[in-house]
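These notes concern the structure reproduced below.
All of the numbers you see were taken from the coordinates with simple rules; none came from a lab. This structure is a prediction, so every number in the text was calculated from the model and none was measured. Neighbour counts run over all protein chains shown; Cβ positions are idealised from the backbone, glycine included.
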Amino acid sequence: MFGGGPMNAYSYQLHEMTYLALAPARAFSDIARLWFNNPINPLAHTQVGRNVAASAELFERLTRRYGKPNFGLTSTIVDGKKVPVHEAVVWQKTFCKLLHFERDWEGVGEPRQPKLLLVAPMSGHHATLLRGTVEAFLPHYDVYITDWADARMVPLAFGTFDLDDYIDYLTEICHLLSAEKDGIPLHTIAVCQPAVPLIAAVALLEKRQNADAPASMTLMGGPIDTRRSPTAVNLLAQERGSAWFRGNCIHPVPYPYPGVGRDVYPGFLQLSGFMAMNFDRHINAHIEMFNHLMEGDGDSAEKHREFYDEYLAVMDLTAEFYLQTVETVFVEHRLPNGTMMHRNERIDLGAIRRTALMTVEGERDDISGLGQTFAAQELCTHIPGKRKLHYQQANVGHYGVFNGSRFRQEIAPRIRAFTAAMAPL
């Protein structure tokens, strides 16, 4: 254990106790919401009734615990034909499952489409945050995604998980999905945090002249060099240093979770940091939802529910992974400095020669500032210029880089065109 003082041993417990203490109030507010939304109740059709129902729903939603969402992708359209889709776990280790969105080609005829590995961020949210990303690529690729484990659900006996393990997992997955197995090329996409471990894994495979290196990697809003256009997140890490995070952000998992005693960076702390960065925006969003409920605008209220059901569902990170990432990426900038190590082996981005590189940034990204992802283009000195591409999307923030209308209409088509042009060398 390396929690930061006596309070750290109890902070997680206090959070759990607060949640449990609010259970009666949550139940009461849920009953009030149901009663004042019931059409047989005359008050449900009054301004007062709608006010009570809207207030009760907001209270319940703001104090509930959000479970891990489902992808819920049951079909896609390929070449104008509807194809059923179902999820399957095709590879698994303690801290990760590799999900395959298998498409049922019965009676349709399977097209020979490339494989696509989506490396989901391990940064507090579940892989389902990339539901829209998966949905956009399903018609064009055989899609796989990393589904990272919630650290509080992993017993201590199953061992630790750090940044080196993360890189090992990605190299193993590249071996599993390699074009060497079936002749079908593998393309990879890392969204935000995994940009660093993915480029490190590719560098290791290339350095070893391993044929399992993917045909391309696309890095989207990733912290390759956080010294460029530093955001509030980057400046905080630089100012405080890893010792501060060790002392203030690491807490042991309380009973009765399976991971009781494991040191973690709790998801609720990460979520509070995200919310604090855009506090006004979240307040306004909930005020708008209240107004939609008062006006009977069910469609707009449902869009709010869908977004926050996803956004507020968080997971814990192992302390060793979180602290190693903070120190390596945000404090010491080891990757751009050329000093990043993986199990005593230096990560040499100059070794990457065959894997094509695309970088994508959002003009208004307040998590990974402009230039941070582009830095990979300059660091990968031996990738031929014709196998490199950078794209900056106007008028989108961090979330818009991998989801939303501009992603679907502007970014995803460019990624598809890039991968189509990048045949394996």
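With the simple model of a label 7 Å out from the Cα in the direction of the Cβ, residue 353 to residue 236 spans 4.3 nm. Within the same chain, lysines fewer than 8 places from residue 303 are excluded, and of the rest, those with a Cα less than 19 Å from its Cα are 68. For the range 136-258, the spherically averaged projection of the C-alpha convex hull amounts to 10.8 nm². Computed from the C-beta positions of residue 70 and residue 46 and an R0 of 51 Å, the FRET efficiency is 0.90 to the nearest 0.05.
In plain terms, the residue of 123, 216, 242 with the fewest other Cβ atoms within 10 Å comes first and the most crowded comes last, giving 242, 123, 216. One Cα centroid belongs to the range 365-425, the other to the range 69-89; the line between them spans 25 Å. Here each label is just a point 7 Å from Cα along the line to Cβ, and for residue 244 and residue 180 those points are 4.5 nm apart. Spin-label model, residue 339/residue 13: points 7 Å from Cα along the beta carbon direction are separated by 4.0 nm. Cβ-to-Cβ counts within 10 Å put 268, 161, 245 in ascending order as 268, 245, 161, the fewest first. Label zone of residue 409 (point 7 Å out along Cα→Cβ, amide N under 20 Å): in the range 347-363 this covers 361-363. Bridging of residue 386 to lysines at a Cα separation below 29 Å is possible for 115, 181, 207, once same-chain residues fewer than 8 apart are set aside.
Per-residue extension of 0.36 nm, minus the Cα-Cα distance of residue 211 and residue 366, leaves a gain of 52.1 nm for this segment. With Cα atoms defining each centre, the range 104-178 and the range 33-55 are spaced 44 Å apart in the structure.
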